[in-house]
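One structure is given here, and the rest of the page talks about it.
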Amino acid sequence: MAVGVACAITLVARNLRAVVAVAAVVVVVLVVWDVRPYIRSQPIPREDVRSQVAFVNTHRRPGDVVILSYSASWGFAYYEASPAPRFRHITYADTGFLPVYPGVRWLVQMPDRQPSDVATALATAEATAARTGGRIWIIRSHLAAPELLAWGALLAGKPVRQLAVGPEPLLLYTPVHSSP
């Protein structure tokens, strides 16, 4: 028995790197297997873009347009299953990248959070909705004061409903489309 234990110790000592590597792989596989149900299911702290994305996906109709605020871009990329984002390198965000959706006609994304970005996004969405006869969903998160003021000024007097979907309201703008 002692000879067997001594042989086992000698074998393990000779192959210690291999044993450690196999043990590390086994631990990683077990951890990933254990957390697998929670991937993309946990909310990002202090925001609830997840609920807004789910609500829009459930209620969006053909022809509807979605405006995505700059700060909501990362949450949208995390929770939206389709379309898949591409990533553009930027220097003005701590992440160094911005998820973008080129060619997705129903999505208008703000490239930054300036009042001019709000105006451009809204004008683009209104033009698209006028062509398609759709409504405009506005997903916003972590708004800066100038951005919030711009939204208020540009949407004043327009048929916009605030929907209580998470801590930051989801907006639904139903423009009046003129008949040809």
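The values are calculated or read from the model by the stated rules, or taken from the named source; none is laboratory data. Not measured: the values here are computed from a predicted model. Cβ: placed from backbone, ideal geometry, glycine included. Neighbour counts: every protein chain shown.
Things to note:
- The residue pairs whose first member lies in the range 50-67 and is over 18 Å from Gln109 (Cβ atoms), whose second member is surrounded by fewer than 14 Cβ atoms within 10 Å (Cβ to Cβ), and whose beta carbons are closer than 6 Å, counting only pairs six or more residues apart or on different chains, are Gly63/Gly133.
- A Cβ distance below 8 Å, combined with a sequence gap of six or more or placement on separate chains, defines the contacts here; from the range 76-94, residues that are in contact (Cβ under 8 Å) with a residue 12 or more places away in the chain reach residues that are part of a loop (DSSP other than H, G, I, E, B) and of a type in the set (A, V, I, L, M) in the pairs Tyr78/Ile44; Pro83/Val104.
- Residue that is farthest from Arg50 (Cα to Cα), among those in the range 130-172 that are assigned to a strand (DSSP E or B) and touching a residue at least 40 places away in the same chain (Cβ under 8 Å): Ile136
- Matching entry among Arg105, Arg88 (being under 20 Å from Val49 (Cβ atoms) and not β-branched (Val, Ile, Thr)): Arg88
- Residue check, Thr95 modelled with pLDDT of 95 or more and among the polar types (S, T, N, Q): no
- Boolean, Ala130 is at negative phi and within 22 Å of the chain's Cα centre (by Cα): no
- When the range 59-115 is filtered for residues that are assigned to a strand (DSSP E or B), closer than 26 Å to Thr174 by Cα and either over 15 Å from the mean Cα position of the chain (by Cα) or among the β-branched types (Val, Ile, Thr) (or both), the ones remaining, listed by number, are Val65, Val66, Ile67, Val100, Val108.
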